[in-house]
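See below for the structure under consideration.
The values are calculated or read from the model by the stated rules, or taken from the named source; none is laboratory data. Since we're looking at a predicted model, the values are computed, not measured. Because the Cβ atoms are built from the backbone with ideal geometry, glycine has one as well, and the counts that use them run over all protein chains shown.
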Amino acid sequence: MAEKLRKEKDSMGEVLVPADKYWGAQTERSFENFKIGTEKMPGEVIKAFGYLKKSAAMANHKLEKLDEKKCKVICRVCDEIIAGKLEGNFPLAVWQTGSGTQSNMNVNEVIAHRGNEIAKTNLLHPNDDVNKSQSSNDTFPTAMHIAGAMEIKEMLIPAIDGLIATFKKLEKENKGIVTTGRTHLQDAVPVAFSQEISGWRNMLEKSKTQILTAQKGLCELALGGTAVGTGLNAPKGFDKIVAAFCKNNTGMPFVTAKNKFHALTSLDDMVFAHGALKGLAANLMKIANDVRWKASGPRDGLGEITIPANEPGSSIMPGKVNPTQCEAVTMVAVRVMGNDTCIGIAASQGNFQLNVFLPVTIYSFLQSVRLLADVITSFNKNCAIGIKADKEKMNYNLHNSLMLVTALNPYIGYENGAKVAKLAHKEKISLKAAVMKLGLMSEIEFDKVFQPEKMV
């Protein structure tokens, strides 16, 4: 059965559009002209546009540029967009106009058509009413900031807090357990396992602080700059009023950007914020690698901790279990680092009054936020909460570590300590036996000062 179509018109003429969709001619042209890849404009951006268009309508109404009926209908449709009720009406590819113009018009057209359906009359025009006092050049950067800031708050920070809480619990549970420290993948002086965990915990706390610091830049909005930053066709005071409505409608501390020329042409706030995400990715990579190293084995590796066995690890080796959650974390970290390169290059390409790498920037940014939030939650739930110390293995490794000889430095000196370590390693004897053999200390003297558990 043939798809039902309707005629829509824009400044270039008539276009056939699916009858069951709310988009118009400009959306259809973009849909047909940019059949590139499978990546669609993220739903988080569309939701951000819902908040943006609602706030703009309220600001225009307050400034007596939009009548009450039109304002109410626009706000109602925007609430539907925010609630996800109009999914399926935003089909455009990420790989489109670099300013995101077509996605802005996609939202304008959907709001206008759905609004006219509600009003049961031709009430709204996508450009003259829904896009009033705006340009794609200031709305899309604004939507980027709204989406980025809100996803960090609603998705990423709670995930980080959850893993921090788990590490705090593990610190308490493992207090008093001493294990072998390792530097350069070589035996080092002892460390409490709780101290090791505290390092992981503080990595996350530092990353959280850095992300929240960077988030402040995302709370500055370009809206009100219109086409090139001058604010042409926007009424006086629109920028501050619309930012205030954005703040009230989202619960986020949004403000208008002081310099709209900067807000339109620069992506440095996105770069800075994603840099903090990359820092988190690097910390997660370190934590995941530490965990899988300490869990390696179970017999021929370090085997100092156990982690949950979630699924079979091999199609050929029966009973094998792999650190799969750790591997997922490291893959996400690599993806985030790749996204950081993408965003950095995109930000460097702003020409004159506008950057035209906006869709790929926000797509990459939101992917990083989403992946980090999801993988942290997964790692916490399926791995971290189940970490158990193997006290026997830790104790065995600790007391067989040659670097415990460091505790003897004040009594026999560095050079003699080196002789002891080399002899013990060469002849596969204990440090105590090596000290005795070299005649450096008596057995009583050795036992008095050699207490690994007190070295932390």
Note to self: On the basis of being without any contact (Cβ under 8 Å) to a residue 40 or more places away in the chain, in contact with a strand residue (DSSP E or B) (Cβ under 8 Å, 6 or more places away or on another chain) and either farther than 20 Å from N380 by Cβ or not in a helix (DSSP H, G or I) (or both), does P298 make the cut?
What the structure shows: yes
Notebook entry, point to check: Quick check: is even one residue across segment 377-400 in contact (Cβ under 8 Å) with a residue 40 or more places away in the chain, in the same structural domain as H262 (by TED's automatic domain parsing), surrounded by fewer than 19 Cβ atoms within 10 Å (Cβ to Cβ) and among the aromatic types (F, W, Y)?
Noted result: no
Note to self: Can you go through D340, D374 and tell me which one is buried (at least 19 other Cβ atoms within 10 Å of the Cβ), modelled with pLDDT of 95 or more and charged (D, E, K, R)?
What the structure shows: D340
Next item on the list: Could you check T256 against (1) in contact with a helix residue (DSSP H, G or I) (Cβ under 6 Å, 6 or more places away or on another chain); (2) within 30 Å of T179 (Cα to Cα) and say which number it fails?
Entry: (2)
Check: Scanning for something at pLDDT below 95 and either more than 22 Å from N382 (Cβ to Cβ) or hydrophobic (A, V, I, L, M, F, W, C) (or both), does segment 262-275 turn up at least one residue?
Finding: no
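Consider L354 carefully, then state whether it is surrounded by 22 or more Cβ atoms within 10 Å (Cβ to Cβ), assigned by TED's automatic domain parsing to the domain that holds D161 and modelled with pLDDT of 95 or more.
Spelling it out, it is not the case that L354 is surrounded by 22 or more Cβ atoms within 10 Å (Cβ to Cβ), assigned by TED's automatic domain parsing to the domain that holds D161 and modelled with pLDDT of 95 or more.
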Margin query: Quick check on segment 226-243. Is at least one of its residues among the polar types (S, T, N, Q) and buried (at least 21 other Cβ atoms within 10 Å of the Cβ)?
Written below: yes
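Restricted to segment 266-317, and to residues that are charged (D, E, K, R) and closer than 30 Å to E220 by Cα, which residue is surrounded by the most Cβ atoms within 10 Å (Cβ to Cβ)?
Step by step, filter segment 266-317, then rank; the result is D269.
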Margin query: Only one of A83, A147, A112 is within 24 Å of the chain's Cα centre (by Cα), surrounded by 22 or more Cβ atoms within 10 Å (Cβ to Cβ) and modelled with pLDDT of 95 or more. Can you tell me which?
Written below: A147
Note to self: Can you tell me which condition A407 does not meet? The list is (1) under 30 Å from N322 (Cβ atoms); (2) outside the structural domain of K169 (by TED's automatic domain parsing); (3) touching a residue at least 40 places away in the same chain (Cβ under 8 Å), and all the others hold.
What the structure shows: (1)
Notebook entry, point to check: For segment 3-21, does any single residue satisfy the condition of being under 21 Å from Q134 (Cα atoms) and surrounded by 23 or more Cβ atoms within 10 Å (Cβ to Cβ)?
Noted result: no
Check: Of all residues in segment 3-40 being among the hydroxyl-bearing types (S, T, Y) and assigned to a loop (DSSP other than H, G, I, E, B), which is nearest to N108 (Cα to Cα)?
Finding: Y22
